[in-house]
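Since every read-out is calculated from the coordinates, none of them should be taken as a lab result. Nothing here was measured: the structure is a model prediction, and the numbers come from that model. Glycine also receives a Cβ, built like all others from the backbone with ideal geometry; neighbour counts cover every protein chain displayed.
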Amino acid sequence: MSNITEARKALVARILEGAGQASRADRQAAFHLSSTAGPPAALAEKVAHDPAGISDEDIAVVRASGISEDQVFEIVVCAAIGQASRQYDAALAALETVIGKE
Amino acid sequence: MRLQILDTGHGFGTKALFSFIQLVSRQPVLDVVKLVSYRPDFYGKPMSKVTQEVMRGPSSWSVAERELMAAFIAKTNRCEFCTKAHSAVAQRAFGDRRSVSNALSGLDTANVSEPLRSTLHMLGKLTREHTLNANDVSAVLAAGASRQQIEDALAICFVFNVIGRLADAFEFAVPGPEAFEAGAKYILTRGYR
């Protein structure tokens with residue numbers, strides 16, 4: 001799976017640095033869960049840690065704050081990829097710790 | 001689907017393709033297809049490259065084993081759409097419905113290899129607790145999985161922790177088994193491109 005590292009990098013670069021309807025700052029905040037205030041931050045937190053608990057109301061609250069559907073789409077994608085990335089990186093670090101000791 | 005743009009906001013060509021798929025398969029277009037087809041330059045295309053490489057690229061895990069991992073991660077995340085979708089693919093790939101359902105319902109007694117069993121336990125913990133420690137990884141190595149197999153499995157965990165979250169957030173519709181069977185047939189023939 002030698003191409004995975006590059007493909008993942010390209011994916012993350014695209015969603016965070018490429019053109020979008022949400023600002024780059026908002027996409028970065030959703031990815032890193034670095035903002036704690038406001039409806040988009042609350043939705044990103046739920047995408048990361050309680051996705052099965054997301055309701056119509058959660059989306060409606062974000063939309064009512066003036067965020068378009070396209071911006072919601074981007075924020076949710078960034079939050080999901082951010083959480084999966086943190087898990088992946090933590091697991092690879094654990095693997096490296098073990099392999100390094102051998 | 002919670003966002004109307006993901007349900008009906010596609011361009012004319014994509015909508016025509018969806019109509020064709022429905023006509024040929026006699027099944028609804030799955031919401032995961034609608035998602036990757038919406039503004040595909042943002043998410044669908046770059047994510048499909050990752051998914052194709054992870055699920056169909058070179059690995060000593062078989063396609064069936066990788067699909068079982070996908071289903072197991074989805075079940076751990078309580079994502080009904082992804083669990084049903086990838087159970088269907090794994091069952092078709094293994095040619096054995098029972099071994100897949102046994103692995104998902106009772107991993108400790110399922111008829112799978114020890115490296116696979118141990119790897120699935122590791123993926124379950126990573127998905128539930130969002131992290132792993134050195135002991136978790138050591139247990140998988142001790143069960144006979146190689147470093148490369150662990151890396152490959154962790155990449156699968158990355159992919160399906162993304163897709164499961166999107167399925168839940170956007171509320172993918174869960175169709176009947178015939179639609180998942182048609183999807184599984186397509187995925188095994190064409191992959192994730």
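Relative contact order for the range A:4-101: 33 percent, from Cα pairs under 8 Å spaced at least 6 residues apart, divided by residue count. Counting neighbouring beta carbons within 10 Å and listing from fewest to most, the residues B:ASP31, A:ASP56, A:ASP50 come out as A:ASP56, A:ASP50, B:ASP31.
Here the dipole of the range A:4-101 is about 380 debye; that uses its Cα centre as origin and unit charges on the Cβ of Lys and Arg (positive) and Asp and Glu (negative). With neighbour counts taken as other beta-carbon atoms within 10 Å, the residues B:TYR38, B:TYR43 rank, fewest first, as B:TYR38, B:TYR43.
How large is the convex hull of the Cα atoms of the range B:41-190 per residue, expressed in Å³ as a whole number?
Values: hull volume 17.2 nm³, N = 150.
Cα convex hull per residue, to the nearest whole number: 115 Å³.
Each of A:HIS49, B:LEU104, B:PRO28 was scored by the projection of its Cα onto the charge dipole of the protein assembly as shown, and the greatest displacement toward the positive side belongs to B:PRO28; charges sit on the C-beta of Lys, Arg, Asp and Glu. Taking square-rooted eigenvalues a ≥ b ≥ c of the alpha carbon gyration tensor, is the range B:1-113 rounded, prolate or oblate, where a/c under 1.5 means rounded and, failing that, a/b exceeding b/c means prolate? Prolate, since a/c reaches 1.5 and a/b exceeds b/c. Over all Cα atoms in the protein assembly as shown, the spread is summed up by Rg and Dmax: 18.6, 57 Å. Per-residue Cβ neighbour counts within 10 Å put B:HIS86, A:HIS49, B:HIS130 in the sequence A:HIS49, B:HIS130, B:HIS86, beginning with the fewest. Built from the Cα atoms of the range A:4-101, the convex hull projects on average onto 7.2 nm², one quarter of its surface area. Hydrodynamic radius of the range B:127-176 by the Kirkwood approach over all distinct alpha-carbon pairs: 12.8 Å.
When the pairs B:LYS49/B:LYS84; A:LYS46/B:LYS185; B:LYS15/B:LYS75; A:LYS46/B:LYS15; B:LYS15/B:LYS84; B:LYS125/B:LYS185 are compared against a 28 Å limit on Cα-Cα distance, A:LYS46/B:LYS185; B:LYS15/B:LYS75; A:LYS46/B:LYS15; B:LYS125/B:LYS185 fall above it.
The angle between the Cα long axis of helix A:39-49 and the longest principal axis of the Cα atoms of chain A comes to about 40 degrees, rounded to the nearest 10.
Stretched out fully, how many nm does the piece from B:GLN148 to B:SER60 gain, at 0.36 nm a residue minus the Cα gap?
Working: separation 88, 0.36 × 88 = 31.68 nm, distance 0.84 nm.
The span from B:GLN148 to B:SER60 would gain 30.8 nm if fully extended.
Report summary: the helix-based calculation at 222 nm, which adds -39500 (n - 2.57) for every DSSP H run with n ≥ 4 and divides by the residues of the protein assembly as shown, gives -23500 deg cm²/dmol.
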